[in-house]
Amino acid sequence: MSDQYAPTPQDRYTFGLWTVGQQGRDPFGDPVRPAMDPVYAVHKLAELGAWGISLHDNDLVPFDATPAERDRLVQGLKSALDETGLTLGMATTNLFTNPVFRDGAFTSSDATVRAFALQKAMRSIDIGAELGTKIYDFWGGREGSETDVYRSPVEALRYMREAFNFLTRYVRDQGYDMRFVIEPKPNEPRGHIYLPTVGHALHFITTLDDADMVGVNPEFAHDTMAGLNFTHAVGQAIDAGKLFHIDLNDQVAGRYDQDFRFASENLKAAFYLVKLLEESGYDGPRHFDAHPYRTEDEDGVWAFARGCMRSYGILKDKAARFAADAEIQGVIAELRAGDTFDGPSAAGGYSAATADAVKSYRFDTAALATKGRRYEELDQLVNEIILGVR
Ligand code: GLT
Ligand code: MN
Ligand code: MN
């Protein structure tokens, strides 16, 4: 299927090695697909038109690898990236699989575990730097609790801050050209995860020594699990100048963490998200952090990867159609014309005189109260764009 939606590296699509390499293991069932060699995944993704990959340290280097093994594996992947021209869009540390992290990593109650987590993160940051990534992700899957019987959330945030302050200094000391992103999630695998939403993370970042180096990595599924509007969360990250990366996938609200193919469930939410991203000038990776259905074999994995990229490209085209649609833009222009106000307001900033003027202004509330917004009409036009009839 080669057409205008065929992905190209200019689209900046990236995939975690753990996504196309996901073996379909779940809490009730064994893997259904064999392990995938990272070098093979890089070549396949290059063939499909992706721009890059992302990885955890342990997607490439086993937890107990010797230094020689580590060097050989990193070198092997580096060669694959060089040969294909793919980039490492993001790297991160696995601070959740090993039983050591049963009660968290940076926020573990055990000081030895916290120090070990720092060691693992620094070694993993070194791998990321060697492979050329400029974005380093922190998903605190185990950073949380089921019960607050022992560690207070205030203590946990203090530990988290210590770790971030230490690691940004480490990156600066090494001279790495790298920024950090915090990836919020409300729960799973912990009952309650610290920094559960984009808003929590954005505030936490303001308390860090090197706040300029740290942004967020919002994930569609994580906000959707909690019943939140993901596009609004992304909007807040953009407003704060902190959207350094994004994890795209899909999810049914109220279910377990599904990590479905991008736009497979919530087409319209995906449309408004892509529209926002494209219109905002976001120029980071369009990173797919999703899993193929457990029903699939390897062909299904590549159908999944193609589907993520094609849906993004198609929705990007739909957003452009929205912007070019004369009827839609006509309605918007009429609404905008009726939405102006040349009386006193907050728009020009505060002054005592403006405050007095606003307080004494005679508003025609009867007219305002009866004014319709035409959003039904506009939103239906969006449906018709998405459904392909305009
Ligand atoms: C894990 C999680 C993702 C994170 C990854 C980074 S791993 O699959 O569900 O949301 O982005 O650690
Ligand atoms: Mn993610
Ligand atoms: Mn996820």
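The values are calculated or read from the model by the stated rules, or taken from the named source; none is laboratory data. What you see is a predicted model; the values in this text were computed from it and never measured. Methodologically, a virtual Cβ is constructed for each residue, glycine included, from the backbone with ideal geometry; neighbour enumeration extends over all protein chains shown. For the accessible areas, the whole protein counts, side chains as well, though only heavy atoms, and no ligand, DNA or RNA atoms are used. Shrake-Rupley method; radii C 1.70, N 1.55, O 1.52, S 1.80 Å.
Of note:
- Pairs linking a residue in the range 253-275 that is closer than 19 Å to residue 13 by Cβ to a residue that is assigned to a loop (DSSP other than H, G, I, E, B) and more than 16 Å from ligand 1 (Cβ to nearest atom), with Cβ atoms under 6 Å and 6 or more positions apart or on different chains, are 270/263.
- Hits in the range 90-132 - residues which are in a loop (DSSP other than H, G, I, E, B) and either touching a Phe, Trp or Tyr at 6+ places or on another chain (Cβ under 7 Å) or of a type in the set (S, T, N, Q) (or both): 93, 94, 95, 97, 98, 106, 107, 108, 109
- Residue list for the range 17-31, restricted to those being buried (at least 20 other Cβ atoms within 10 Å of the Cβ) and of a type in the set (Gly, Ala, Ser): 21
- Residues that are open to solvent by less than 100 Å² (accessible area, probe 1.4 Å) and among the hydroxyl-bearing types (Ser, Thr, Tyr) within the range 330-350 comprise just one, 345.
- Number of positions in the range 142-162 that are in contact with a Leu (Cβ under 7 Å, 6 or more places away or on another chain) and either surrounded by 19 or more Cβ atoms within 10 Å (Cβ to Cβ) or modelled with pLDDT under 95 (or both): 1
- Highlighted here are the helices (runs of 4 or more DSSP H) found entirely within the range 1-89 that include at least 1 residues which are out of contact with any Cys (no Cβ under 7 Å at 6 or more places or on another chain) and more than 16 Å from ligand 2 (Cβ to nearest atom): 38-48, 57-60, 67-84.
- Subset tally (residues that are among the small types (Gly, Ala, Ser), in contact with a Gly (Cβ under 8 Å, 6 or more places away or on another chain) and touching a residue at least 40 places away in the same chain (Cβ under 8 Å)) for the range 1-58: 4
- Applying the criterion of being over 28 Å from residue 265 (Cα atoms) and open to solvent by 10 Å² or more (accessible area, probe 1.4 Å) to the residues of the range 205-230, the residue that is nearest to the chain's Cα centre (by Cα) is 213.
- Test: residue in the range 201-218 that is in contact (Cβ under 8 Å) with a residue 60 or more places away in the chain and within 16 Å of ligand 3 (Cβ to nearest atom): yes
- Restricting the range 233-244 to residues that are among the hydrophobic types (A, V, I, L, M, F, W, C) and open to solvent by 10 Å² or more (accessible area, probe 1.4 Å), the residue that is farthest from residue 290 (Cα to Cα): 240
- Condition check for residue 136: at pLDDT 95 or above, in a strand (DSSP E or B), in contact with a helix residue (DSSP H, G or I) (Cβ under 9 Å, 6 or more places away or on another chain) and surrounded by 20 or more Cβ atoms within 10 Å (Cβ to Cβ): yes
- Among the residues of the range 78-89, not a single one is more than 22 Å from residue 196 (Cα to Cα) and within 16 Å of ligand 3 (Cβ to nearest atom).
- Residue check, residue 169 within 13 Å of ligand 1 (Cβ to nearest atom) and touching a residue at least 24 places away in the same chain (Cβ under 8 Å): no
- Only one of the listed residues (247, 177) is surrounded by fewer than 19 Cβ atoms within 10 Å (Cβ to Cβ) and not polar (S, T, N, Q). That residue is 177.
- Filtered residues of the range 112-131 (kept if under 18 Å from residue 72 (Cβ atoms), surrounded by fewer than 20 Cβ atoms within 10 Å (Cβ to Cβ) and not hydrophobic (A, V, I, L, M, F, W, C)): 123, 126, 130
- Matching residues, the range 35-62, being closer than 12 Å to residue 20 by Cα and acidic (Asp, Glu): 37, 59
- So residue 285, is it open to solvent by less than 70 Å² (accessible area, probe 1.4 Å), within 30 Å of residue 56 (Cβ to Cβ) and touching a Ser or Thr at 6+ places or on another chain (Cβ under 8 Å): yes
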